[in-house]
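Taking it in order: structure first as structure tokens, then the write-up.
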Amino acid sequence: MILKDRIAVVTGAGSGIGRAGAMIMAREGAVVVIADRDKVAGEATACDIHAVGGRAEAVTTDVGDDAAVEQLIVGTLDKHGRIDILHNHAGIQVGGTLTEVGTDGMDASWRINVRAQFLGARTVMPSMVAQGGGVILNTASNSGVFYDREMIAYATSKHAVVAMTRQMSLDYAQHNVRVNALCPGWVDTPFNGPFIAQMGGRDAIENYVRTKIPMGRWASAEEIAEAILFLVSDRSSFMTGQALVIDGGESIA
Ligand SMILES: NC(=O)c1ccc[n+]([C@@H]2O[C@H](COP(=O)([O-])OP(=O)(O)OC[C@H]3O[C@@H](n4cnc5c(N)ncnc54)[C@H](O)[C@@H]3O)[C@@H](O)[C@H]2O)c1
């Protein structure tokens, strides 16, 4: 077990990639705090982890609520004495061009995708410095390293996640806190539901994925979890400030 007894906090772990990452961390011996705004989904992930002999607890958290983010971190530190891993994963996708996205959609994208990660990292950092190190993983997207059409709020906020990750990593590398960004491409989770509907349904998206992604398919959440495990474990011990792109070649096509 490569994360034995490490304390991990994962936001948005009630579904999809966050859930798969929480499961693999628990499999490797971590105690995982599942922080999802959906109480039922968060508790279901914790139950799934218990069912396979892992350790997890659900703390219902909306990362758009500053007090809830601070309470998540402070409450975990009070209970477990340390946080070794913070995976800031929860995010939203607001589609549209400049004239289609309102200030509300732009503000929401920055609040959930950027500001919540800033606040979570800011709150946990003093404890990581004091304990001699830690790992922060910020979920961006391959939309954080290239540009999608009609995605101004999503692409700019995800580019900001990569920039913020690099800046954090530079400022805290001397304290042995590693900060990296996870940049998946198309992963088959409920996250893409609204975009699939916009594209005209499942057949349309399957055709898009087959023709536009060099590898011709989606990723599974479990494939992304392997990269998460690498990034939050000592297997990536000399890696910080990097954006790891896992997208079947989409961003280089
Ligand atoms: N699925 C993809 O294709 C894909 C690709 C690139 C990046 N991402 C990124 O991954 C993240 C989520 O994707 P997923 O596929 O795991 O999604 P998902 O829809 O399967 O799961 C998202 C989870 O986050 C929770 N959540 C949403 N808003 C929240 C909030 N404000 N506070 C706490 N929890 C919240 C939801 O309840 C849900 O359980 C996002 O940051 C997204 O940008 C996804």
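Between Val40, Val135, Val31, the residue with the greatest mean-square fluctuation in the GNM of the chain (Cα pairs under 10 Å linked by springs) is Val40.
Where nothing but the Cβ of Lys and Arg (+1) and of Asp and Glu (-1) is charged, how large is the charge dipole of the chain around its Cα centre, in debye to the nearest 20? If you can, show how the numbers build up before the last one.
On the way: 21 positive and 28 negative charges, 99 e Å.
Here the chain has a charge dipole of around 480 debye.
Hey, what angle do you get for helix 16-27 against the long axis of the chain, alpha-carbon based, 0 to 90 degrees rounded to 10? That helix lies at roughly 30 degrees to the long axis.
Using θ = phi - 60° in the Karplus curve 6.51 cos²θ - 1.76 cosθ + 1.60, the 3J(HN,Hα) couplings for region 237-248 round to 4, 10, 10, 8, x, 10, 10, 8, 9, 10, 9, x Hz; x is entered for Gly and Pro. Rounded to the nearest 10 degrees, the angle from helix 116-131 to the longest Cα principal axis of the chain is 30 degrees.
What separates the Cα centres of region 1-70 and region 166-229 is a distance of 19 Å. Residue exposure proxy: Arg202, Arg19, ordered by other Cβ atoms within 10 angstrom of their Cβ from fewest to most, comes out as Arg202, Arg19.
I need the peptides 242-249, 117-124 ranked by packing, meaning the mean over residues of other C-beta atoms within 10 angstrom, with the highest value on top. Spell out each step's value before the answer.
Numbers: 242-249: 19.1, 117-124: 21.6.
Descending packing order for the listed peptides: 117-124, 242-249.
When only Cα pairs below 8 angstrom with a gap of at least 6 residues are kept, the chain shows a relative contact order of 19 percent. As a rough footprinting exposure proxy, the listed residues Val145, Val52 were ranked by other beta carbons within 10 Å of their own, and the order from fewest upward is Val52, Val145.
Over all directions, the average projected area of the alpha-carbon convex hull for region 1-128 comes to how many nm²?
Details: hull surface 31.8 nm².
So the mean shadow area of the Cα hull is 7.9 nm².
Once the Cα atoms are used to define both axes, helix 202-212 deviates from the longest principal axis of the chain by about 90 degrees. Straight-line cross-link partners of Lys4 among the lysines, defined as a Cα under 19 Å from its Cα and at least 8 positions apart when in the same chain: Lys79.
Ignoring everything except DSSP H segments at least 4 long, calculate the 222 nm mean residue ellipticity for the chain; use -39,500 (n - 2.57) per segment, divide by total residues, nearest 500. Walk me through the intermediate numbers first.
Working: 9 runs with 115 residues, N = 253.
Calculated from helices alone, the mean residue ellipticity at 222 nm is -14500 deg cm²/dmol.
Amide H contacts for Val9 (H built 1.01 Å from N in the peptide plane; partners 5 or more residues away or on another chain; cut-off under 5 Å): Val33, Ile85, Leu86, His87.
For the chain, count all C-alpha to C-alpha pairs, find those more than 26 Å apart, and express that count as a whole percent of the total. Mind showing how you got there, number by number?
Details: 11196 of 31878 pairs.
Of all Cα-Cα distances in the chain, 35 percent exceed 26 Å.
Cβ crowding within 10 Å, taken as a proxy for footprinting-reagent exposure, orders Met25, Met164 from fewest neighbours to most as Met164, Met25. When all alpha carbon pairs of region 40-82 are counted in 10 Å bins from zero, the resulting P(r) reads 28, 43, 27, 1 %.
If you place +1 on the Cβ of every Lys and Arg, -1 on the Cβ of every Asp and Glu, and leave all else neutral, what size is the dipole of region 115-253 about its Cα centre, to the nearest 20 Debye?
Values: 11 positive and 12 negative charges, 69 e Å.
Using Cβ point charges on Lys, Arg, Asp and Glu, region 115-253 gives about 340 debye.
For the chain, the residue among Phe118, Ala130, Thr76 whose Cα projects farthest onto the positive side of the dipole built from Cβ charges is Ala130.
Since every read-out is calculated from the coordinates, none of them should be taken as a lab result. None of the values given here were measured: they were computed from a predicted structure. Don't worry about glycine lacking a Cβ; one is built from the backbone with ideal geometry, like all the others, and counts go over all protein chains shown.
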